[in-house]
Amino acid sequence: MHTNSYHDYMKKALIAIFVLLLTFSINSFAQKNFTGNEAADWVQTQRKIADSLFEKKNSTPTEINKGVLVLKNALTFLDSLPIKELARTNTYLWYRRTDVNRDLADGYALLNKKDSALLALNRMYENGAISVISFLQQDSALNVLRNEPGYLAIISKLNNQRALWKNTAFKTPYKANLSAGEKVAGLSLLWSQAKYNFVHFDHVNIDWNQAYLDYLPKVQNTTSTAEYYKVLISFYVLLKDGHTNVYVPDSLTTTFYSRPPFRTELIEGRVFVNQVFSDSLYKTGIVPGLEVIKIDGEPVISYAEKNIRPYQSSSTPQDMEIREFSYALFSGPKNKPIVFEFKDRNGKLINRTVSRNGHHDVKGLKTMEYQTIGNIGYLAINNFEDTKIVKQFDSLYYTDIAKTKGLIIDVRYNGGGNGDIGLDIIKRLTDKPFVHSASKTLRITSRLNAEPLWESNGAGNLQPNGKIFYNKPIVVLIGPRTFSAAEDFTVAFDYMKRGKLIGLPTGGSTGQPVSFSLPGGGSARVCAKRDTYPDGKEFVGVGIMPGITVKETIKDLLNGTDAAKQKALEILNK
């Protein structure tokens, strides 16, 4: 046997063995009982194996062929009857077929098998692939296909689909007063996006089609873009969902959302200053404990009911209270100061005019704050937006948290962000696998039916961190500002029975919104994913209930007492 022939023979033999082992692995896995998410995660591991072979520096044809075989076997797995059944009701699993075919196109293109690469791209398109167009256009592995008619045809079809579903024609520039056609188009887009994607219609008693008809003359009668957007905002308020909102164009943000740097809270039916974020404002006498009596000459409660409440999208009474009397109470045009009537602790009335802008020493809440109180750690995590949070937690763990005998995690001011950040913290609080929120979405085909058809994504399954495990008692403080990703964190913590929840019910709103542009430069979003506890227990529209309820009193505020924190310390010190 010649040397070259021998090497060719050995390469073919090794590939044959590789295929046999891979087929055995897939057949073994296919015999397991697993959820749709687990199946999708397994496919993702196969994609990573193939990608490592494709992206390897100076990959050989043999290595690329191995990657192609891995992906072809992943498709065989996706074509098996039980997996196809799971994919029908699991979006995450369904779109793994799109990803695998896209990866296959890369592999074939690297092997200069243009026809096979184009076939894989067509299969990708047929499975649903609008969002991948930018990846295709930037993917250097597909350079050999750029001028192929088949490739150009796929790009054209994807662009047409994207224009349809991304509503690009509706994205018109800002004008002081939009045309009548733009105004009707914007309302129509809001109506249709909610009709086909909104997952909480059972939370509201409304005829959505009739609401659309009622609002047509309202938008047509507006005389400015600012007035038009106020009507659009009130339209989506009808859906009573914290993740379904209309946002004004950038040109109008300072007209709608400017506010001075202090916040208030409704306590025992009265409105008090509870946070001041500017030292210079503080020095003028605006301090926590002041009661707000009037705004612009009108009693504060009636002012809020008339000017604020009608424009707040809210899922629960506790969330509405926070939006009405804390977040949005002072919002308005930046050039229009607010005239306040306050009452101090001694009952003295104080009149003060405060600018909505021009405060140059504003300091917001820190992302994370930590202190040790006796032997108890107190960790406030005020958002899940900063990607450095997990690293900060790890650093604190090694220097401080590990030494404590109990830990308080305070998410009362955490309005959410990236849910994975919160779940990464949970991974460090257990040594066992755990599940987090279950979810479901509406199927596109439900548009052809009288009843909605749901795709269940099941509950997520996660493994512990493995390196860091805080095994001491924990209490989590929650309240109505605990929202979105912070509620995802709270659900996982609560369901695993890791410790007590203390405080007040959470805001009661999470989910994955569908975002889209509106005429005039604004935008909107519709909640398109319905989350529950892993066992199906609802918390959206209700809130996550604390195990121990602690409600702030006027006395607590005036004395500077954090009653929920004190209760947590009392429990952990026992």
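The values are calculated or read from the model by the stated rules, or taken from the named source; none is laboratory data. Note that the structure is a prediction, hence the values are computed from the model and not measured. With ideal geometry, Cβ positions are generated from the backbone for all residues, glycine too; neighbour counts draw on all protein chains shown.
For the stretch 513-528, the set of residues classified as touching a residue at least 40 places away in the same chain (Cβ under 8 Å) and not hydrophobic (A, V, I, L, M, F, W, C) consists of 513, 517, 519, 520, 521, 522, 523, 525, listed by residue number.
For the stretch 447-464, does any single residue satisfy the condition of being farther than 30 Å from residue 85 by Cβ, aliphatic (A, V, I, L, M) and touching a helix residue (DSSP H, G or I) at 6+ places or on another chain (Cβ under 6 Å)? First the steps, then the outcome.
Filtering the stretch 447-464 down to residues farther than 30 Å from residue 85 by Cβ leaves 464.
Imposing the further condition that a residue be aliphatic (A, V, I, L, M) reduces the set to none.
Checking the stretch 447-464: not a single residue is farther than 30 Å from residue 85 by Cβ, aliphatic (A, V, I, L, M) and touching a helix residue (DSSP H, G or I) at 6+ places or on another chain (Cβ under 6 Å).
Of the residues 113, 84, the single one that is modelled with pLDDT of 95 or more and among the charged types (D, E, K, R) is 113.
Within the stretch 167-183, the set of residues being assigned to a helix (DSSP H, G or I) and either surrounded by 15 or more Cβ atoms within 10 Å (Cβ to Cβ) or among the hydroxyl-bearing types (Ser, Thr, Tyr) (or both) comprises 168, 170, 182, 183. Mind checking whether some residue in the stretch 228-247 is in a strand (DSSP E or B) and farther than 28 Å from residue 184 by Cβ? The answer is no; no qualifying residue exists. For residue 370, indicate whether it is free of Cβ contacts under 8 Å to residues at least 60 places away in the same chain and part of a helix (DSSP H, G or I). Spelling it out, it is not the case that residue 370 is free of Cβ contacts under 8 Å to residues at least 60 places away in the same chain and part of a helix (DSSP H, G or I).
Residues of the stretch 288-347 that are among the hydroxyl-bearing types (Ser, Thr, Tyr), closer than 25 Å to residue 251 by Cα and in a helix (DSSP H, G or I): 311, 326, 327.
Screening the candidates 98, 62 for the property of being assigned by TED's automatic domain parsing to the domain that holds residue 154, of a type in the set (Val, Ile, Thr) and more than 26 Å from residue 158 (Cα to Cα) yields one hit, 62. As a summary of the residue check, residue 323 satisfies the conditions (1) surrounded by fewer than 18 Cβ atoms within 10 Å (Cβ to Cβ); (2) closer than 24 Å to residue 229 by Cα except for the one numbered (1).
Which pairs have Cβ atoms under 7 Å, sit 6 or more apart or on different chains, and link a residue in the stretch 335-350 that is loosely packed, with under 11 Cβ neighbours inside 10 Å to one that is modelled with pLDDT of 95 or more and not in a strand (DSSP E or B)? Qualifying pairs under 7 Å: 345/289; 345/558. Checking each residue in the stretch 292-310 for being in contact with a Lys or Arg (Cβ under 7 Å, 6 or more places away or on another chain) and buried (at least 20 other Cβ atoms within 10 Å of the Cβ) picks out only 300.
To keep it simple, each residue is scored yes or no on (1) farther than 30 Å from residue 265 by Cα; (2) of a type in the set (Phe, Trp, Tyr); (3) not in a loop (DSSP other than H, G, I, E, B).
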| residue | (1), (2), (3) |
| --- | --- |
| 477 | no, no, yes |
| 481 | no, no, no |
| 488 | no, no, yes |
| 500 | no, no, yes |
| 515 | yes, no, yes |
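Taking the stretch 520-574 only, how many residues are at positive phi and hydrophobic (A, V, I, L, M, F, W, C)? The number of residues fulfilling the criteria is 0.
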